[in-house]
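Structure first, commentary second.
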Amino acid sequence: MEDPIRFYTSLITNIATLPTLVVMLYQLAKKYRASKDPETGKADTVRLLVLLQIAFWFESIMYPILNNIIFQHETRNIFQSLNVSSLSIAFMITTGITLLAYVHHKESWMFAGWFFYGGILLYSIFTGVVFTFFTFENRFMLGDLDYSGNADTFFALQFGFTLVGQTSVVLFFFLTGRKYKDDKIFGLALFFLMPVIAGMMASNLIVYVICYGFVAVYGIPYAMGKIRFFKPAPVKLVEVEACT
Amino acid sequence: MLAQIAGMWIVGIFAPVIYLVLAIVANVPISRKRKQGIQSLNLSFTVWLTFTVTMTMLRFVEYIQVINNGVLPGSYYIGEALSTWYIVPMLSVMAQLQFVLYIMRKYKFYSVPAILTFFLSLGLFQYDSTIAYNVVMIPLCYTASFLFLWKGVKNRDGLTFSLGMFSLFDYGIPYFIYSPVKYMGNMGGAMVYAPFLICALISVAFLNLGTWGWLDKHVFYDKERERRIKNAWVSRLIEIEKKKPEARKAAGRCIVVECPICHRQARKQFPQEVVLERARNEKGIVKMLLNQEKEVCEHQFVAYVDRSFSIRGYEPIDMMV
């Protein structure tokens with residue numbers, strides 16, 4: 001353990017967000033089930049995609065918590081190895097792209113996002129990147145080429161995807177939420193903005209604690225639909241003359 | 001000495017010039033159709049052809065340089081193995097794939113060529129290995145060509161068939177000749193690149209046959225139908241039309257319809273005789289209200305279908321009262 005203060009602060013902050021995330025998942029799942037149309041049997045896809053994003057986020061938090069508690073050392077970052085946490089974050093971003101694609105009726109964006117994500121996975125597998133799952137480590141190799149040391153360079157790409165991708169998705173969530181006056185999407189942008197800021201300023205523990213503290217406080221009222229950013233448009237009554 | 005200079009002139013000047021002229025000539029009928037506004041596909045064809053021809057000309061420059069000097073200058077390389085030697089054919093093949101996807105309306109996969117190019121370039125930039133490049137590029141090159149050929153033969157369309165031959169001869173076949181000579185036979189010297197130049201000329205000649213309609217007139221024509229038309233009066237023609245099997249008529253034609261709002265696609269079957277009856281003359285167009293059952297998406301729209309069952313346009317419906 002290189003820095004005990006940092007280790008325990010990040011561990012406690014991550015654990016503090018867990019109850020919020022569990023409540024959020026429960027509330028979102030409940031709302032998703034309630035959104036099912038009794039006639040058509042179709043449920044609200046936006047709610048499902050929001051639920052999936054929070055689920056992936058939960059998974060990406062759980063892995064470092066368990067890893068830190070069991071092995072008493074910090075999880076290796078994405079520059080060193082591909083782990084469940086980074087995969088979940090990538091899944092979360094791609095689900096975010098899917099949500100945007102669904103709202104804007106641009107199905108090709110969704111496919112582009114998933115193909116790019118698939119490309120990252122294949123590239124990482126064939127270029128000998130270490131995949132870590134707790135104590136299990138595996139490295140795929142092709143031919144006699146020496147790939148050692150190159151994996152670090154690759155993770156610049158994944159870092160670019162996770163950080164740049166996440167920032168862009170958050171920005172688009174803000175824009176889309178404002179355009180359609182949708183509290184769910186606008187609120188989700190605010191929720192995911194915090195991890196982006198925390199990730200950018202990872203070296204500053206205070207910023208990290210504030211951002212995750214905000215997530216822990218904000219998550220429950222957001223999931224329960226208590227937070228409203230836009231006033232609902234007043235219903236206009238129009239008198240229709242009977243056709244003669 | 002004289003023979004060498006003449007050879008250099010033929011390889012270095014005549015082949016690229018002839019190739020360029022033939023490519024421009026092949027584009028003339030398509031440009032004419034584009035000006036008449038017959039189909040939006042013509043513009044994409046011109047863009048694709050211009051891009052492919054530019055890429056082939058760049059390859060010519062490299063081949064000619066190798067043939068004349070024996071080696072490719074090292075300054076072309078970026079990173080470990082990324083160079084114009086790989087980028088140019090890769091862009092050419094990816095443009096082919098993009099065009100095939102466009103023609104087949106596989107809009108879900110439109111991003112695939114760009115993503116593949118990105119990862120292959122990154123791989124070449126990082127590692128001095130062309131394994132992934134070859135594994136992806138060779139099947140893609142042949143797949144695009146064979147898809148064009150298959151579509152051409154299936155629809156009896158000379159232009160599509162010529163696109164297949166163009167793609168095949170532009171890169172596929174010369175690579176097939178070059179690789180065994182270069183790697184298995186380990187021989188040939190710089191002249192192993194000559195097939196690329198010769199086959200490129202053959203490819204553009206095939207393209208001309210397709211765009212100017214020669215293949216349609218002499219290869220893909222229906223002999224039986226022509227014989228019947230020549231020997232029949234108008235009344236007889238109608239009789240022939242009636243004699244067609246009823247089952248074939250009832251089955252109707254399958255068309256891919258696309259929602260003008262959300263661009264979702266679906267296959268719809270239309271009764272052939274109803275469309276032919278409504279659109280009486282050659283230029284007749286039938287207006288159809290589609291998606292009433294909302295089986296494609298949530299929107300409803302009108303499609304304009306001509307006698308050849310091609311969709312000329314769509315119009316969204318704002319409201320149903």
FRET efficiency estimate (nearest 0.05) - Cβ-Cβ, A:Met201 to B:Val47, R0 30 angstrom: 0.10
B:Met57, A:Met194 arranged by Cβ crowding within 10 Å, fewest neighbours leading: B:Met57, A:Met194
B:Asp318, B:Asp306 arranged by Cβ crowding within 10 Å, fewest neighbours leading: B:Asp318, B:Asp306
Two-site label geometry, B:Arg156 and A:His104: point separation in nm, points 7 Å out along Cα→Cβ: 4.5 nm
Size of electric dipole in segment B:252-316: Cβ of Lys, Arg +1 and of Asp, Glu -1, about Cα centre, debye, nearest 20: 160 debye
Charge dipole of segment A:1-76 about the Cα centre (unit charges at C-beta), most positive-ward option of A:Thr17, A:Tyr32, A:Val50: A:Tyr32
Residue order, fewest to most beta carbons within 10 Å, for A:Glu39, B:Glu62: A:Glu39, B:Glu62
Gain in span if fully extended, B:Tyr304 to B:Thr84, counting 0.36 nm per residue against the direct Cα distance: 74.6 nm
Members of A:Lys31/A:Lys184; A:Lys179/B:Lys106; A:Lys184/A:Lys231; A:Lys181/A:Lys226; A:Lys42/A:Lys106; A:Lys179/B:Lys294 lying beyond 18 Å, as alpha-carbon distances in this model show: A:Lys179/B:Lys106; A:Lys42/A:Lys106; A:Lys179/B:Lys294
Sites A:Leu18 and A:Ile70 - FRET efficiency at Förster radius 25 Å, r taken between beta-carbons, to 0.05: 0.95
Cα-projected label distance for A:Val164 with B:Phe146, points at 7 Å along beta-carbon direction, nm: 3.6 nm
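Values quoted throughout were computed directly from the atomic coordinates according to the rules given, and no laboratory measurement underlies them. These numbers were taken from a predicted model, which means no experiment stands behind them. Ideal geometry is used to build each Cβ from the backbone, glycine not excepted, and the neighbour counts take in all protein chains shown.
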